[in-house]
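Visitor: For reference, the structure I am asking about is given below.
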Amino acid sequence: MAWRVDTCRSHDIVIEGRLYAVLRMSEEEETSIIQQEEMESMAAIFADDFTLLSSQEQPISYSIYLRNDEFNNDISLKLPEDLRLTVSYPSTYPDNDIPTFDILYDKTIITLHEIQVRAILKTITTVAQENLEIGMPCVYSCVQAAKEFLSNGGLDQAGLALLSDDNLACILSYLATSKEDIDEICTALPIVENAAKQNVVWKQLCQRRWKEKWGYKKRWERALENFTLQPDEHYWMNIYNNEEEDAKRLYLTRDELCRLTFDWRLWFTHPPRNGLLSTGLKRSSHCAVFCLDGNLRLSSVDGTWNWKTENENITHFTLEFKRATATTPPVDIHVLRLQNWGWEIRSKHFACRAIDEESSLDELWKDLLVNIIMQKKPEWVDTSRSRFEIHYREVPNDEDCKALEW
């Protein structure tokens, strides 16, 4: 009886072993069929560009020709004429592994650099890994990814990897004429992002940007001095951004106001001639200095000017003129920031602009002087009490200026 039990158990073990072997062979056969079908599909799709490399006894291996004429005409790096992508199937593909890819040349003198080859294979492998997650064949998607990579200038970026950040920074310092240029280049070529932060790039950019702005000489000298005292690898990029942010500031501090010298000009020259009121901006006028004690130092003026403000950050203040015999009512003064980063102090009677030692006084007012127009007096304006008859006036073509009192 014991013998019969043992015999039955042995028989069951043999049956289970054979069943397992049958099931295992079915999985291998299914994998083999999937691989064979994908290989045949690739051969049909790519036709003349397909070459079978393996024999029947070997794991499936083949290559696909990457034709140059399929890529954009503006590709800047010349490709080898016989560039091929090789594909080899491991036994567990596509369920557990991805194919092995490589770059192959038939007969050529021109070959890709190792960094460029790695860039292509990285792109392909990324696509293959995505397909592995869902257990799907991936070769067609990988070939298309390789072609798209080559067509979109992927080798250009890979080629730039051969250059050091210092070399790339020197190139950028000549190419980039604005911050927008740098942003566009970094978007198109992410590989230059580290190089784009270097001082050699931003120092050149600061000089280009500031050269056309008010106060260039002092700003540049101050930046050079501070860099000498506190050198930093991103110093010029930081100071560029700081100056751009400061240019948005719409107030003057008390100390800043008192350090500046202003060119003082009336809006209009009195009296009018033949009914025309001429602009006073064309006339050279006195230099004005706002003193910390509240006085306004203005040459050739019979009387005393005093300015008052309760704020440390000044956007507006009042100005009062005193003579020996009388005192005029306070005048409201507004601080304006100009597009060239300069400063203007304006009232309904006059305008003052901070003098830049690098430019002439006429250059200081150029934006207004080049746009002088003849403004006809509106019918609703009453000048009957004036000693002079006014029909037109010369005024800058600026909405604020055209709204000045007649």
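Visitor: Could you tell me what percent of the accessible area of the chain is made up of carbon and sulfur, with a 1.4 Å probe and every protein chain present? The partial results should precede the final answer.
Guide: Working: 12520 of 25020 Å².
Summing carbon and sulfur atoms, their accessible area is 50 percent of the total for the chain.
Visitor: How much accessible surface area, in Å² rounded to 10, belongs to the heavy atoms of H391 with a 1.4 Å probe?
Guide: Roughly 80 Å² of H391 is accessible to a 1.4 Å probe.
Visitor: Calculate, axis by axis, the spread of Cα positions in region 269-331 along the three principal axes, and write the results as whole Å, longest axis first.
Guide: 45, 31, 21
Visitor: Which loop GluC sites (Glu not before Pro) in region 176-212, with loop taken from DSSP, have no more than 13 other Cβ atoms within 10 angstrom of their Cβ? Mind dumping the intermediate values first?
Guide: On the way: sites: E180, E184, E193, E212; in loops: E193, E212.
Of the GluC sites (Glu not before Pro), the ones in loops of region 176-212 whose Cβ has at most 13 other Cβ atoms within 10 Å are E212.
Visitor: Can you work out the accessible area per residue across the chain, with the rest of the protein chains kept in place, probe 1.4 Å, in square angstrom? Please report the intermediate quantities before stating the final value.
Guide: Details: 25020 Å² over 406 residues.
Normalised by residue count, the accessible surface of the chain is 62 Å².
Visitor: Treating region 247-374 as a set of equal point scatterers at the Cα positions, no solvent, please give the Debye-formula log₁₀ I(q)/I(0) at q = 0.10, 0.11, 0.19 Å⁻¹.
Guide: Results for region 247-374 at q = 0.10, 0.11, 0.19 Å⁻¹ read -0.33, -0.40, -1.18.
Visitor: Do any of K322/K377; K282/K402; K217/K366; K218/K366; K213/K377; K179/K348 go past 27 Å between their Cα atoms, and which?
Guide: Details: K322/K377 32 Å; K282/K402 17 Å; K217/K366 19 Å; K218/K366 21 Å; K213/K377 36 Å; K179/K348 38 Å.
K322/K377; K213/K377; K179/K348, as the Cα separations exceed 27 Å there.
Visitor: At a probe size of 1.4 Å, how large is the accessible area of T125, to the nearest 10 Å²?
Guide: Accessible surface of T125 is approximately 50 Å².
Visitor: Treating each Cα of the chain as an identical point scatterer and ignoring solvent, apply the Debye formula and state log10 I(q)/I(0) at q = 0.10 Å⁻¹.
Guide: After summing over all Cα pairs, the log10 values are -0.85.
Visitor: From the protein chains alone at 1.4 Å, what is the descending order of accessible area for R393, R67, R273, largest first? Intermediate values should be presented prior to the final figure.
Guide: Numbers: R393 0, R67 75, R273 190 Å².
Result of the area sort, largest leading: R273, R67, R393.
Visitor: When the helix-only estimate is applied to the chain (DSSP H runs of n ≥ 4, each -39,500 (n - 2.57), divided by the residue count), what is the mean residue ellipticity at 222 nm, nearest 500 deg cm²/dmol?
Guide: Values: 13 runs with 161 residues, N = 406.
After summing the helix terms and dividing by residue count, I get -12500 deg cm²/dmol.
The values are calculated or read from the model by the stated rules, or taken from the named source; none is laboratory data. Quantities reported herein were computed from a predicted structural model and do not represent experimental measurements. Using ideal geometry, Cβ is built from the backbone for each residue, glycine included, and neighbour counts are taken over all protein chains shown. When the accessible area is computed, the model is the full protein with side chains, heavy atoms only, and any ligands, DNA or RNA have been set aside. Shrake-Rupley method; radii C 1.70, N 1.55, O 1.52, S 1.80 Å.
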